[in-house]
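Q: Pasting a structure here, questions to come.
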Amino acid sequence: MPLPFYNEDLMQIFFLKSILSIFLVAMALFAMFTMFEILGRADKRYNIERLRKIHKINGIFYIALFLLVTWFCLRFFAGAKTELSPRAAFHSIFALTIIILLGLKVSFVRVYRQFYGKVQTIGLLIALTTFIMAGLSGGYYLLVTKFGTDKTFSGTVEGKKGEAREEAAGKEGKWAVRTDADSICKGKELYDSKCYFCHDAYSTKTGVGPGHKGLLKNPVLPVSKKSATPENIANQILHPYKDMPAFSYLADNDIQSLIAFLNTL
């Protein structure tokens with residue numbers, strides 16, 4: 001079952017998540033500042049006890065906001081049901097790293113105080129990892145969408161990568177369009193479970209990805225600008241041209257069913 005919201009809602013969620021990631025970076029910067037003021041100055045400029053309390057409150061808000069952004073990400077992955085793109089995989093690795101570092105920091109402060117001297121280093125690592133993680137997700141999204149104003153997210157960044165995939169779909173005629181009811185029905189089920197989360201089958205409006213209405217009736221595909229043929233659609237599913245995740249695990253029969261459904265739009 002697809003998640004109960006549409007592409008416009010997804011764009012708003014991605015924009016909100018990206019804005020929240022900016023706040024995460026700001027909190028990480030503030031944590032670094034307070035830590036340097038508390039531990040790095042011989043001549044103290046601020047009330048240290050008050051600064052410690054502020055640092056602790058900032059850390060609590062950081063953890064709460066981090067968990068909220070994590071929930072948005074997990075919700076997307078659960079709904080998309082696809083393999084992670086390389087960028088998303090790196091983002092996930094850095095997020096997991098932050099979780100581990102936060103756990104270590106809290107345990108060193110609360111329980112294993114003999115390691116308290118490591119807390120400063122862990123704090124710096126959390127801040128630096130936050131910068132990288134936020135840049136890979138929120139920073140990238142805000143850049144390519146011009147701070148949320150450009151809705152054509154899938155085709156924003158132009159480039160030549162993917163040209164080597166032209167012939168990957170296989171020999172001529174392999175992906176001939178099926179027109180039987182069973183294939184179309186199965187294709188719709190697959191579309192609802194794999195594609196609906198990012199694409200609208202019944203319009204050409206771009207949400208997370210382009211709408212698919214009339215896909216096989218158009219001269220070219222919306223992002224790669226390759227000919228709108230069954231072969232190129234199959235290639236896009238197996239080896240995507242741009243930001244779309246790969247569905248290389250799908251059987252040929254499943255892809256043929258998806259093409260059969262797309263042909264009815």
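The values are calculated or read from the model by the stated rules, or taken from the named source; none is laboratory data. These figures come from a predicted structure and were not determined experimentally. Reconstructed Cβ throughout: ideal geometry from the backbone, glycine too, with neighbour counts over all protein chains shown.
Q: So ILE255 passes all but one of these: (1) surrounded by 20 or more Cβ atoms within 10 Å (Cβ to Cβ); (2) assigned to a loop (DSSP other than H, G, I, E, B). Which condition number does it fail?
A: Of (1) surrounded by 20 or more Cβ atoms within 10 Å (Cβ to Cβ); (2) assigned to a loop (DSSP other than H, G, I, E, B), only one is false for ILE255: (2).
Q: Across region 11-45, which residue is surrounded by the most Cβ atoms within 10 Å (Cβ to Cβ) among those that are modelled with pLDDT of 90 or more and of a type in the set (Phe, Trp, Tyr)?
A: PHE30
Q: Taking region 19-54 only, how many residues are closer than 24 Å to MET133 by Cβ, over 30 Å from the mean Cα position of the chain (by Cα) and either outside the structural domain of ALA127 (by TED's automatic domain parsing) or not aromatic (Phe, Trp, Tyr) (or both)?
A: So the answer is 3.
Q: I'd like to check something: does region 111-118 contain any residue that is surrounded by 17 or more Cβ atoms within 10 Å (Cβ to Cβ), of a type in the set (Phe, Trp, Tyr) and in a helix (DSSP H, G or I)? Before the answer, list the steps.
A: Of all residues in region 111-118, those surrounded by 17 or more Cβ atoms within 10 Å (Cβ to Cβ) come to none.
No, every residue in region 111-118 fails to be surrounded by 17 or more Cβ atoms within 10 Å (Cβ to Cβ), of a type in the set (Phe, Trp, Tyr) and in a helix (DSSP H, G or I).
Q: Quick one: which of TYR62, TYR112 is hydroxyl-bearing (Ser, Thr, Tyr) and over 30 Å from VAL208 (Cβ atoms)? Write out each step before concluding.
A: Numbers: TYR62 fails: over 30 Å from VAL208 (Cβ atoms).
TYR112 is the lone residue from the list that is hydroxyl-bearing (Ser, Thr, Tyr) and over 30 Å from VAL208 (Cβ atoms).
Q: Determine which single condition LYS205 fails, assuming it passes every other condition in (1) part of a loop (DSSP other than H, G, I, E, B); (2) surrounded by 15 or more Cβ atoms within 10 Å (Cβ to Cβ).
A: Status for LYS205: all satisfied but (2).
Q: Could you please tell me which pairs satisfy a Cβ distance under 6 Å, a separation of 6+ or placement on different chains, a first residue in region 211-231 that is without any contact (Cβ under 8 Å) to a residue 24 or more places away in the chain, and a second residue that is assigned to a strand (DSSP E or B)?
A: ALA228/VAL220
Q: Which residue, of LEU101, LEU124, LEU74, is under 30 Å from HIS199 (Cα atoms) and part of a helix (DSSP H, G or I)? Show your work before the answer.
A: Details: LEU101 fails: under 30 Å from HIS199 (Cα atoms); LEU124 fails: under 30 Å from HIS199 (Cα atoms).
Only one candidate qualifies: LEU74.
Q: Another question about this same structure. Filter region 211-252 down to residues that are farther than 23 Å from CYS185 by Cα and polar (S, T, N, Q) and give me whichever is surrounded by the fewest Cβ atoms within 10 Å (Cβ to Cβ).
A: Out of the qualifying residues, it is SER227.
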